[in-house]
Amino acid sequence: MQKEKAMADVFETLMEMSRGYEVASVLIAASELDLFTEILRVQYATVANLSLSLRADERGLSILTDALVSLGLLEKVDGCFQVPEEYRETLDSRSSSTLIPMLRHRGSCMKSWSQLAWTVKSGSPFPSTESIHGALDDYRAFVLGMHSIGLRMAGPLVEQMKANGFPGFKRMLDLGGASGTYTAAFLKSYANSEAIIFDLPVAIAEAKLRFATSDLAPRIAFVAGDFYQDSFPDDVDFIWVSAIIHQQSVCQTATMFGQAFAAMRRGGIIAVRDIFAQADRTGPVAATLFGVNMLSRTEQGRVYTFNEVRDLLERAGFCNAKFLTERSDMGSVIVAVKP
């Protein structure tokens, strides 16, 4: 009897694990359709009205919206839907703190994860499938999604670095800085400092748009380029490498650290923000799952250990590598110095 109960518990545990895609798919589909924003925009958000404005199938919307109600993400009164107050700002794509782009990016990831067995067998990611918005907008969703996460993490993380002894800088290079979320946090925390945001043209366009009316704009230079092909902007004393190396092979990371060393003034600091695995690579759980994400999404990406990063930094010429912050998520920061 005890063995039967244990087997039943195992059965339920495995079944619960396998259901994870269901809730995620409902939330991501609503995000890709921009359903929450449309409900907030229209006066009478019935299935019929939403079907017309979103150009979506009425039966499909009916089933999706009812599922969202059951999950507590929508409310339904007399056939009209509304977004619960606590979710409005986060699920409204017009909001400056919206999470919609990140949810759409998760949708792109989920397409890759669904073919994980194929990827493990072949050794290469399954050919990517565009969302209903197309490849360019999918990349834009990635940039804005990183901004959504960064808005919540950047300020506290910079303050934690400061409390842990980060001395500041005169001129920083935000490598692959996207829309400049971390640039803003650093410039706000360290007065009389300047920054260069260096990223692909589509990301630089988002950064310029973001800082167009900001009093930080005079302190920022925007440089469009590809850090895999173009020289890094130089004469800097701080280089911020934020959530980049996990996309790269060891060889690519070694090359990046070498270019960073060449671009930096003596006495400058490089800071590498990422998620790191423990020495035997079996934890933390967030790191092992992120490793699967890199397997599914990149040809050679990986989750690094501290020792691997330290060795690559030292090979480039840096010294005194250490954790400035150490966490189980993407909030860990390794720093090293150019002698």
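The values are calculated or read from the model by the stated rules, or taken from the named source; none is laboratory data. Everything quoted here is computed from the prediction, not taken from an experiment. No Cβ is skipped: glycine too gets one built from the backbone with ideal geometry, and neighbour counts run over all protein chains shown. These accessible areas exclude ligands, DNA and RNA; they are computed on the full protein's heavy atoms, side chains included. Shrake-Rupley method; radii C 1.70, N 1.55, O 1.52, S 1.80 Å.
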Diffing the stretch 221-231: the Karplus 3J(HN,Hα) column from phi (6.51, -1.76, 1.60, θ = phi - 60°), in whole Hz with x for Gly and Pro, holds 9, 10, 10, 8, x, 10, 5, 8, 10, 9, 5
Assuming a ≥ b ≥ c are the square roots of the Cα gyration tensor eigenvalues, decide whether the stretch 139-248 counts as rounded (a/c under 1.5), prolate (otherwise, with a/b larger than b/c) or oblate. rounded
In terms of modelled amide H atoms, which long-range or inter-chain residues lie less than 5 Å from the amide H of Thr46? Phe81
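By how many nm would the segment from Val120 to Glu314 grow when fully extended, if each residue of separation counts as 0.36 nm and the alpha-carbon distance is taken off?
On the way: separation 194, 0.36 × 194 = 69.84 nm, distance 3.23 nm.
Additional length available on full extension: 66.6 nm.
Once you order the gyration tensor axes a ≥ b ≥ c over the Cα atoms, which shape class does the stretch 83-150 get: rounded for a/c under 1.5, otherwise prolate or oblate by comparing a/b with b/c? If you can, show how the numbers build up before the last one.
Working: a/c = 2.80, a/b = 2.27, b/c = 1.23.
It is prolate, given that a/c is not under 1.5 and a/b is the larger ratio.
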Would you mind checking the stretch 118-136 for residues with the amide N under 18 Å from a putative spin-label position 7 Å along Cα→C-beta of Gln300? 123-126
Could you report the chain's accessible area per residue, 1.4 Å probe, as an integer in Å²? 51 Å²
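Between Ala191 and Met17, what length comes free when the chain is fully extended (0.36 nm per residue of separation minus the Cα-Cα distance, one decimal in nm)?
Once the chain is fully extended between Ala191 and Met17, it gains 57.8 nm.
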Rounded to the nearest 500, what is the chain's calculated 222 nm mean residue ellipticity when only DSSP H runs of at least 4 contribute -39500 (n - 2.57) each, over all residues? -15500 deg cm²/dmol
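Exposed loop sites here are GluC sites (Glu not before Pro) in DSSP loop states with at most 16 other C-beta atoms within 10 Å. What is the longest stretch of the chain lacking them? Please report the intermediate quantities before stating the final value.
On the way: sites that count: Glu130, Glu299, Glu326.
Result for the longest clean stretch: 131-298.
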Anchor Lys322: aspartates and glutamates whose Cα lies under 14 Å away (excluding residues fewer than 8 positions away in-chain): Asp274, Glu308, Asp311, Glu314
Within the accessible area of the chain (1.4 Å probe), percent carbon and sulfur: 55 percent
The extension gain from Arg55 to Gln2, computed as 0.36 nm times the residue separation minus the Cα-Cα distance, is 13.6 nm
Taking Cα Rg over 2.2 N^0.38 Å straight from the coordinates, which label in [x] 1.11; [y] 1.46; [z] 1.04 is the correct one? [x]
Between the stretch 199-246 and the stretch 266-339, what is the C-alpha centre distance in whole Å? 21 Å
Starting from the amide H of Thr305, placed 1.01 Å from N in the peptide plane, find each other amide H under 5 Å away whose residue is 5 or more places distant or on another chain. Ala277
Please list the non-local residues whose amide H lies under 5 Å from the amide H of Leu74, H modeled 1.01 Å from N, same-chain partners needing a gap of 5 or more. Val69
Rounded, prolate or oblate: pick one for the stretch 69-223, where a ≥ b ≥ c are the square roots of the eigenvalues of its C-alpha gyration tensor, a/c under 1.5 means rounded, and failing that, prolate if a/b is larger than b/c, else oblate. oblate
